[in-house]
Amino acid sequence: MTFATAGIHHVTAITSDPQRNLDFYAGVLGLRLVKRTVNFDDPTTYHFYFGDEAGSPGTVITFFVWPGAKRGRPGAGQVGVTSFAIPPRSLGYWIERLIRYHVPYEQPQTRFDDERVIALKDPDGLLLELVAHPAAETRAEWSGGEVAAEHSIRGIHSVTLWEDGHELTSRLLVDSLGFELTREQGSIYRFVAAGRGPASIVDLRLVPGLWSGIMGAGAVHHVAFRASSESEHVAIRGSLAGIGSNITPQMDRQYFRSAYFREPGGVLFEIATDGPGFTLDEPLETLGIELMLPPWLEDRRFEIEALLPDVRLPLKLPGPAG
């Protein structure tokens with residue numbers, strides 16, 4: 001089949017401290033905690049999902065919570081940077097907010113002529129960007145968070161892959177996932193998904209000779225790309241298996257279906273369905289408040305809750321609101 005993903009579904013990274021992670025992403029960055037669940041492969045640990053009001057595909061960053069995990073090392077074969085979209089008028093607001101909460105950042109830089117970029121790190125050292133771009137104005141704002149609605153983060157803007165070379169990864173992005181190479185600037189190749197909607201950008205940055213990345217706290221575990229339906233998911237999984245991608249069987253992640261494979265440069269890719277979504281097991285109004293478990297773990301709830309560290313919700317940050 002000819003497959004063309006609509007773009008990024010979510011990014012999953014690793015954190016070493018659940019409360020600190022909640023305070024930063026739901027507090028400082030003002031994202032909504034849309035799901036508090038467990039890692040289905042290790043249900044003694046949390047899995048947090050942050051995004052827009054509903055956790056729409058293209059807005060979500062998730063975290064495997066591994067308390068005390070050693071710090072990872074950014075390097076080749078990883079998603080080096082995860083970038084969020086903000087409106088251009090919000091650039092000054094975000095600089096002031098980062099200063100207020102003592103978040104180290106770099107002064108805004110211009111990229112590809114139409115982006116103003118603030119580089120920063122989360123408390124685990126995960127490399128992030130806030131990208132001011134006019135397209136962010138068309139994406140829904142969220143009024144229920146710590147950040148003033150008009151300045152709120154508008155989902156994922158892009159991810160940047162760090163790679164030794166680009167030919168094989170470029171071919172996969174274009175021929176198998178339906179991306180188009182649209183720009184080159186220095187060592188960066190920009191690919192845009194079909195439809196060119198939200199969260200449709202993958203930048204591939206050449207870093208020849210750079211050390212390999214090491215997985216750990218502050219590193220991205222994988223990036224997921226969207227499949228519109230389960231039938232499309234089955235078809236693209238079969239197509240990728242047919243070209244030798246060594247893709248996993250389809251897995252039930254409760255809120256979407258997944259399959260994983262490593263692209264030629266070493267980054268772990270996932271194909272994830274858009275549905276059924278995060279309101280499958282709790283109402284939109286109360287997303288993220290309670291610990292949600294999939295049906296196959298419900299009979300272990302008492303044991304699991306006893307093993308998980310306490311976290312406080314809602315968050316209360318020091319300093320003035322907004």
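The values are calculated or read from the model by the stated rules, or taken from the named source; none is laboratory data. Here the structure is a predicted model, which is why all the values come from computation and not from measurement. Cβ atoms come from the backbone with ideal geometry, glycine included; neighbour counts cover every protein chain shown.
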Open item on the list: If I filter region 218-234 for residues that are part of a helix (DSSP H, G or I), modelled with pLDDT of 95 or more and surrounded by 19 or more Cβ atoms within 10 Å (Cβ to Cβ), do I get at least one hit?
Closed with: yes
Task: Selection status of Leu168, among the aliphatic types (A, V, I, L, M), within 19 Å of Val267 (Cα to Cα) and either in a loop (DSSP other than H, G, I, E, B) or in contact (Cβ under 8 Å) with a residue 40 or more places away in the chain (or both) - done: yes
Open item on the list: For Arg196, only one of the following conditions fails: (1) without any contact (Cβ under 8 Å) to a residue 12 or more places away in the chain; (2) part of a strand (DSSP E or B). What is its number?
Closed with: (2)
Open item on the list: Would you confirm, using the coordinates I've provided, whether Val147 is part of a strand (DSSP E or B) and among the β-branched types (Val, Ile, Thr)?
Closed with: no
TODO: Output the number of residues of region 120-140 satisfying the condition of being hydrophobic (A, V, I, L, M, F, W, C), in a strand (DSSP E or B) and touching a residue at least 24 places away in the same chain (Cβ under 8 Å).
DONE: 5
TODO: State yes or no: is Ala119 farther than 19 Å from Gly218 by Cα and modelled with pLDDT of 95 or more?
DONE: no
TODO: Collect the residues in region 197-214 that are on the phi > 0 side of the Ramachandran plot and more than 18 Å from the chain's Cα centre (by Cα), keeping them in residue-number order.
DONE: Gly209
Open item on the list: I'd like to verify a number: residues in region 262-295 that are without any contact (Cβ under 8 Å) to a residue 60 or more places away in the chain, over 30 Å from Phe3 (Cβ atoms) and not in a loop (DSSP other than H, G, I, E, B), how many?
Closed with: 3
Task: region 60-114 - residue that is outside any strand (DSSP E or B) and among the aromatic types (Phe, Trp, Tyr) and, of those, modelled with the lowest pLDDT - done: Phe112
- [ ] Hand me the list of strands (runs of 3 or more DSSP E) wholly inside region 1-59 holding 3 or more residues that are charged (D, E, K, R).
- [x] 32-39
- [ ] Would you point out which residue out of Glu150, Glu106 is farther than 30 Å from Leu313 by Cα, loosely packed, with under 14 Cβ neighbours inside 10 Å and over 20 Å from the mean Cα position of the chain (by Cα)?
- [x] Glu106
